[in-house]
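Encoded as structure tokens, the structure appears first; notes follow it.
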Amino acid sequence: MAKCNFKIGYSQPIESLIEQARTGIAQKGGTFNGDTHSGNFTVPSPVGKIVGNYTVQGSSIDFAITDKPFIVTCNKIESALKGLIGGSNYALSFGLSSEEGVSEKGQKYEVVSEEAETETEASTEELLKAKAPFDVKVSWSVGAAGEWIETSDEIRKQTGITRYCLCKQDDPTSHYQYVLYIQNTEHYCYYFYDQTDDSYKLDTFRNGQHYVRYNSKQPTIVRIKGS
């Protein structure tokens, strides 16, 4: 069963459009198998692989996305494919950026950030408020992939984090075992501590969804610091 279905119109010759898609996806390290009638493709992203197929119907293309990281929305995939059809290979970044860091105990980890679907500029008052430091204890254990957990009113007020998901990494191309997803409404620099007292820095320059991928023998998050 498809996780996303959408239709994208086109006006250029279908032959050149298919070759453009084939080239653009290949340049991103993906695969494309198809012709001017139908086909399938995979596209890598910083948080996992997007898998789909397409069928050409008149002056539009019907897309079905059969597998994707739960955190990458259907709207972002549709926008990325529209950009590809329009000639922008940059669109296949899906609005995600990644950066590797080193934890306090010398372990590598990866931070991935994504723009919110809708985002407004923070006022000076909000930014000053967001920089108020905090140090709180939590108990975020590893759960099921794709299940957001709403934070308590107290944690939301102190940290600006409205929900989280901590689960095992489901991207077979990644060498990290666990991934922590958060959604925030304040511009904080966070430090997430696991049960080994190792910490992972996540500096959020914008509000929205952010992810930390890491390895740990005791992955439960027990403490959060922010400034």
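The values are calculated or read from the model by the stated rules, or taken from the named source; none is laboratory data. Predicted, not measured: the structure shown is a model, and the values here were computed from it. All Cβ positions, even for glycine, are placed from backbone atoms using ideal geometry, and neighbour counts span all protein chains on display.
Odds and ends about this structure:
- Test result for Thr173, crowded, with 17+ Cβ neighbours inside 10 Å, polar (S, T, N, Q) and touching a residue at least 40 places away in the same chain (Cβ under 8 Å): no
- Matching residues in the stretch 149-162 - criterion: being surrounded by 16 or more Cβ atoms within 10 Å (Cβ to Cβ), under 18 Å from the mean Cα position of the chain (by Cα) and under 19 Å from Asp194 (Cβ atoms): Ile161
- The stretch 165-227 holds strands (runs of 3 or more DSSP E) entirely within its bounds, and those carrying 1 or more residues that are farther than 18 Å from Val102 by Cα map to 178-184, 208-214, 221-226.
- When Ile25, Ile50 are screened for being part of a strand (DSSP E or B), within 30 Å of Tyr176 (Cα to Cα) and in contact with a strand residue (DSSP E or B) (Cβ under 8 Å, 6 or more places away or on another chain), only Ile50 passes.
- Per-region count, the stretch 80-102, residues at pLDDT below 70 and either of a type in the set (D, E, K, R) or surrounded by 14 or more Cβ atoms within 10 Å (Cβ to Cβ) (or both): 2
- Tally of residues being out of contact with any Phe, Trp or Tyr (no Cβ under 8 Å at 6 or more places or on another chain) and more than 20 Å from Gln169 (Cβ to Cβ) across the stretch 67-81: 2
- Residues (surrounded by 22 or more Cβ atoms within 10 Å (Cβ to Cβ) and either under 14 Å from Thr185 (Cβ atoms) or at pLDDT 95 or above (or both)) located in the stretch 213-222: Tyr214, Ile221
- Just one residue in the set Thr55, Thr36 is part of a loop (DSSP other than H, G, I, E, B), over 21 Å from the mean Cα position of the chain (by Cα) and assigned by TED's automatic domain parsing to the domain that holds Ile8; that residue is Thr36.
- Among residues of the stretch 124-156, those that are part of a helix (DSSP H, G or I), more than 29 Å from Gly48 (Cβ to Cβ) and at pLDDT 95 or above, counted: 2
- Residues (within 22 Å of the chain's Cα centre (by Cα) and among the acidic types (Asp, Glu)) located in the stretch 58-73: Asp67
- Subset tally (residues that are among the small types (Gly, Ala, Ser) and within 13 Å of Tyr211 (Cα to Cα)) for the stretch 147-176: 0
- Qualifying position, being over 23 Å from Pro46 (Cα atoms), of a type in the set (Asp, Glu) and in contact with a strand residue (DSSP E or B) (Cβ under 9 Å, 6 or more places away or on another chain), among Asp197, Asp203, Asp153, Asp171: Asp197
- Test result for Asp203, in the same structural domain as Val112 (by TED's automatic domain parsing), surrounded by fewer than 20 Cβ atoms within 10 Å (Cβ to Cβ) and within 16 Å of Asp135 (Cα to Cα): yes
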